[in-house]
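Visitor: The structure that follows is given in the form of structure tokens.
The values are calculated or read from the model by the stated rules, or taken from the named source; none is laboratory data. In this text the structure is predicted, and so the values were computed from the model without any measurement. A quick note on method: Cβ atoms are made from the backbone with ideal geometry, for glycine too, and the neighbour counts reach across all protein chains shown.
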Amino acid sequence: MFEYLDDNKEERAKITEAGAYIMGRKMFSSDEGEWDLDWDGYWGSNPPYHAPVFILGHRPRPSIEMEGGTTFHFVTGGIEDALERARKAAGDRNISIAGGPGVLNQYLAAGLVDELRLHVAPFVAGGGERVFADTPGVKLKPVSSRTTPVVTHLVYGR
């Protein structure tokens, strides 16, 4: 999952230090409609999160406990419900919005992002959603940037 971060342990540590994560259904699974209950994510039996992960979706599904402390919880109550559950799970640690762009954009538009870390690689996957789409009035200030041969790491704050 984090192959593009292999050049920098600090970047990887910043992503994986969160006490809870939020992501969209497509970040967890590319299927649509009813859940494939045999599918438990792209990462194998030991996902890199090692903390609770709250998956936003429209259909309920039982939680999935994985190795290493990752538990996927499926949330149908919207971004505020997922954030409230993630805050309780994370305690005093950070919460990371792990993707995708649609989920991030909802949190940006609601003013619920304190720090944005973008990892930009010269790769075009085709179609898809754009970061910052439908986020009028979002104002972020550059905090830092670092370029490597394979990726540029950008950090913005409120």
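Visitor: Determine which single condition residue 83 fails, assuming it passes every other condition in (1) in a helix (DSSP H, G or I); (2) free of Cβ contacts under 8 Å to residues at least 24 places away in the same chain; (3) under 23 Å from residue 105 (Cβ atoms).
Guide: Result: residue 83 passes all but (2).
Visitor: When the residues of the stretch 61-89 are filtered to those that are over 20 Å from residue 43 (Cβ atoms) and under 16 Å from the mean Cα position of the chain (by Cα), which remaining residue is surrounded by the fewest Cβ atoms within 10 Å (Cβ to Cβ)?
Guide: So, considering only residues that are over 20 Å from residue 43 (Cβ atoms) and under 16 Å from the mean Cα position of the chain (by Cα), the one surrounded by the fewest Cβ atoms within 10 Å (Cβ to Cβ) is 78.
Visitor: Going through the stretch 5-57 one residue at a time, which ones are surrounded by 20 or more Cβ atoms within 10 Å (Cβ to Cβ), touching a residue at least 60 places away in the same chain (Cβ under 8 Å) and over 16 Å from residue 75 (Cβ atoms)?
Guide: 5, 11, 18 - these are the residues of the stretch 5-57 that are surrounded by 20 or more Cβ atoms within 10 Å (Cβ to Cβ), touching a residue at least 60 places away in the same chain (Cβ under 8 Å) and over 16 Å from residue 75 (Cβ atoms).
Visitor: So, in the stretch 133-150, exactly how many residues are in a loop (DSSP other than H, G, I, E, B) and either surrounded by fewer than 10 Cβ atoms within 10 Å (Cβ to Cβ) or within 15 Å of the chain's Cα centre (by Cα) (or both)?
Guide: Count: 4.
Visitor: Now, a different point. Looking at 136, 142, can you tell me which residue is modelled with pLDDT of 90 or more and more than 29 Å from residue 73 (Cα to Cα)?
Guide: Answer to the selection: 142.
Visitor: For the structure I just gave you, tell me whether residue 124 is more than 20 Å from residue 51 (Cα to Cα), at pLDDT below 90 and not in a helix (DSSP H, G or I). Let's see the steps before the verdict.
Guide: On the way: more than 20 Å from residue 51 (Cα to Cα): yes; at pLDDT below 90: yes; not in a helix (DSSP H, G or I): yes.
For residue 124, the condition - more than 20 Å from residue 51 (Cα to Cα), at pLDDT below 90 and not in a helix (DSSP H, G or I) - is met.
Visitor: Answer with yes or no whether residue 60 is out of contact with any helix residue (DSSP H, G or I) (no Cβ under 9 Å at 6 or more places or on another chain) and assigned to a loop (DSSP other than H, G, I, E, B).
Guide: Taking the combined requirement at face value, the residue satisfies it.
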